Amino acid sequence: MSTQTTPNSLTALDPRKLGDLHDEYYPQVYRYLRYRLEDERLCEDLAAEVFLRLLEHLHRNKGEITNVRGWLLGTARHLVQDTLRGKYRRPTTPLEEHEHLSNGATTELDLENSQDHQRVRAAMQKLTADQQHVLALRFTQELSLEEAARIMQRSVNAIKVLQHRAVDALRRHLEPA
Amino acid sequence: MKPTNLSHLFEECDLQVRQGIPLETVLMQHPEHAEALRPLLETSQLGRTLAGGIVPNRAAQNRSRAQFLAAAAEMRQPARRTLSTGLLRFAVNLVMALLVALTAFSVTGLVSAQSLPGDTLYPVKRAVENAQVALTSNPASRLGLEETLDDRRSFEVQALAERGRSNQDVAFAGFFSGSAADGWMAAGVPLALPAEIKPELLAGSYVQVNGRTQADGSVAVTSISLRLFTITGIVEQVEPDRWTVGGVKVRIAPQTMINGTFTVGDSISLTAIRTGTDEFLALAIGPRLPKPAMDATLSARGSLPTGEPDDDGNTGSDDDDNVDGDSTDVPGDDDPGEDEFEDSEPDDDQPDDNNSED
């Protein structure tokens, strides 16, 4: 399936097309969410919610979606922002609780990656919303500058600068205090 | 160097690193900016490495898919009902209501509900039942209803025997059981089998029987075949040897013909045989059909090794013999949704109905 989809082929809510769309974009949406949020289950719920919102949008048929991935990632971003607003004061869980690994094995490298992930995520959350968004788009989606610019509705140059500042800010927050 | 220029340079170097050029090699190309670029590039690498380790849970993805497609199916439903189909359904309901009223409040109606094959009002009783089946779209409910009607058919045959009404054409379904010594039965009804039928091959099968009542209370079998069930619905769960479709668990054998690739959330039709009280074995699986296939296709699948083909189709295509009505269609090859998404130039569309702003 193309990453760009005309609305007419979706508004009919054809199950095969919708199934293809979900198969293609779910991993991307989930990766975006998971990069920005710590809670795996929450990310799964939010990913499902993103697709249900797409469905509602298509059903209402209000306006066209010609960049489906952009729409989905934009919606994911809004959901992340909503979640972060609601969770700012929630105490963070201890690192030890996140050292489990999906394959059941615990190696030193996995543990190190897990700890790195926690550090990066913690540092990410200190960035501005736009900085987090651009890094999640570039890191998890392998988007080109042009694609990121299109999704964020900015110029390519603006994205370059934003990305540079975001990486620099992330670096500073990752440095030992 | 101006920050903007450094941003361009960072992007250029980051791209080279992503393309596999070693970091040191990249930095050597810009020795005057190496000190500023190195931490940025290392941070970027760290960010990408960790992002690469994120893999969605397959079960969660399947759940989301099923939820997504079920919601879509629900949304499609009202749109599908055109005025004509709405009127048709109304008319069917009206007829149903009249039939039910007739059945409930008139003496003849009461007789119809209790009528047996050969009675004048028996076709009315069957018409009401067929309408009930046709109006039941949920696969699990439909199977339950068909099971009830199967039981009713066998009770009718037993009632005919108790009343000594022989030479009456009957059709019913049930599990085939018995032995050569004790005799063979289907749904508890004794059977007189033609010599060409090998009953041992049928033992334990859920079969459709067509035949004629005899004075001794048995049924002289004219045809017997595996009873086929069609289950149409959304795939809810896929395991290697078992799928759940519309709430019905169906066993998948290596011989099951799966016509296409299906995952959770797909809308399918499958033909199955019954292998136990609540067990079904899929014979063929295909995309959901817009309308039932020909019964002739079925009878070829459903015929048992009786030694000769059944000219009547023997899966109940005759009105009086039809236990399962339209439930014997087989999934076919046609796919109503072959056309793909059209490509288009991307634009700047953004979500416009979300409930928050940054």
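The values are calculated or read from the model by the stated rules, or taken from the named source; none is laboratory data. Just so it is clear, the model here is predicted, and its values are computed rather than measured. All Cβ positions, glycine included, derive from the backbone under ideal geometry; neighbour counts span all protein chains shown.
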Which of the residues belonging to the stretch A:46-70 are in contact with a helix residue (DSSP H, G or I) (Cβ under 7 Å, 6 or more places away or on another chain) and facing chain B (nearest Cβ under 8 Å)? A:ALA47, A:ALA48, A:PHE51, A:LEU52, A:ARG53, A:LEU55, A:HIS59, A:ILE65, A:ASN67, A:GLY70
Checking B:GLY247 against (1) within 14 Å of the chain's Cα centre (by Cα); (2) on the phi < 0 side of the Ramachandran plot, the condition it does not meet: (2)
In the set B:GLY144, B:GLY204, B:GLY188, B:GLY174, the lone residue that is touching a helix residue (DSSP H, G or I) at 6+ places or on another chain (Cβ under 7 Å) and closer than 28 Å to B:ILE268 by Cβ is B:GLY174
Checking B:GLU129 against (1) under 24 Å from the mean Cα position of the chain (by Cα); (2) at pLDDT below 70, which single condition isn't satisfied? (2)
Which count do you get for residues in the stretch B:260-280 that are more than 12 Å from the chain's Cα centre (by Cα) and in a strand (DSSP E or B)? 5
Taking the stretch A:155-177 on its own, how many of its residues are in a loop (DSSP other than H, G, I, E, B) and either touching a residue at least 40 places away in the same chain (Cβ under 8 Å) or of a type in the set (Phe, Trp, Tyr) (or both)? 0
Single residue of B:GLY164, B:GLY188, B:GLY144 found to be surrounded by fewer than 16 Cβ atoms within 10 Å (Cβ to Cβ), without any contact (Cβ under 8 Å) to a residue 60 or more places away in the chain and farther than 21 Å from B:THR275 by Cα: B:GLY164
Please go through the stretch B:36-67 and give me each residue that is surrounded by 18 or more Cβ atoms within 10 Å (Cβ to Cβ), out of contact with any Cys (no Cβ under 9 Å at 6 or more places or on another chain), aliphatic (A, V, I, L, M) and more than 7 Å from chain A (Cβ to nearest Cβ), ordered by number. B:ALA66
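Conditions tested, residue by residue: (1) modelled with pLDDT under 50; (2) under 18 Å from A:TYR25 (Cα atoms).
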site: A:ARG77; (1), (2): no, yes
site: A:ARG85; (1), (2): no, no
site: A:ARG90; (1), (2): yes, no
site: A:PRO94; (1), (2): yes, no
